[in-house]
Amino acid sequence: MQNPIVQYAGLLLLVLALVWTVVAQSHMRNSWRIGIDTANKTELVTTGLFGVSRNPIFLGMILSLVGVFLATPNACTLLFLVVGYMLMQVQIRLEEEFLVREHGAEYVQYQKRVRRLI
């Protein structure tokens with residue numbers, strides 16, 4: 001896979017993933033937090049990139065891991081990709097359980113309307 005075209009595609013994917021993630025974070029406005037914050041109630045964001053993906057920030061992170069693997073394909077970057085993806089899936093499910101408790105029917109309707117990643 002040490003092909004310059006694949007490596008440049010990986011670099012391009014890294015840049016696009018960075019832009020995607022920054023835009024998604026900006027769409028969260030005051031609802032942005034790291035992890036599950038049970039102390040502060042936030043608004044449910046369902047517009048912008050969140051109208052396309054329930055987890056656009058995690059999607060951007062996954063795409064960046066794919067980009068790193070394509071740019072520098074080796075066992076280490078493959079391991080980062082696989083483990084990172086698995087850990088993000090766990091975090092996504094934990095956050096979704098929390099959001100159902102926090103926002104109830106509004107979040108359940110959102111889940112029916114918008115896919116988890118894309």
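Kindly evaluate N55 against the criterion of being of a type in the set (S, T, N, Q) and over 18 Å from M88 (Cβ atoms).
No, not satisfied.
Please name all residue pairs, on different chains or six or more residues apart, with Cβ atoms under 7 Å, provided the first residue is in region 1-28 and is free of Cβ contacts under 8 Å to residues at least 40 places away in the same chain and the second residue is assigned to a helix (DSSP H, G or I) and surrounded by fewer than 17 Cβ atoms within 10 Å (Cβ to Cβ).
H27/G48
Of everything in region 55-106, what is closer than 17 Å to T42 by Cα and open to solvent by 40 Å² or more (accessible area, probe 1.4 Å)? Give them in sequence order.
L94, E97, V100, R101, E102, A105, E106
Can you pull out the residues in region 107-118 that are aliphatic (A, V, I, L, M) and surrounded by 15 or more Cβ atoms within 10 Å (Cβ to Cβ)?
Once the filter is applied, which keeps residues that are aliphatic (A, V, I, L, M) and surrounded by 15 or more Cβ atoms within 10 Å (Cβ to Cβ), region 107-118 yields V114, L117.
Could you give every pair whose Cβ atoms fall below 9 Å, whose first residue belongs to region 84-113 and is closer than 15 Å to S31 by Cβ, and whose second residue is of a type in the set (S, T, Y) and open to solvent by 80 Å² or more (accessible area, probe 1.4 Å), counting only separations of at least 6 or pairs across chains?
Sorted first by the residue in region 84-113, then by its partner, the pairs are F98/T38; E102/T38.
Counting only residues that are among the charged types (D, E, K, R) and within 14 Å of E95 (Cα to Cα), which one in region 19-42 is surrounded by the fewest Cβ atoms within 10 Å (Cβ to Cβ)?
K41
The values are calculated or read from the model by the stated rules, or taken from the named source; none is laboratory data. Computed from a predicted model, the values in this text were never measured in an experiment. Here Cβ is always computed from backbone atoms with ideal geometry, including for glycine, and neighbour counts include all displayed protein chains. The area values use the complete protein model at the heavy-atom level, side chains included, leaving out ligands, DNA and RNA. Shrake-Rupley method; radii C 1.70, N 1.55, O 1.52, S 1.80 Å.
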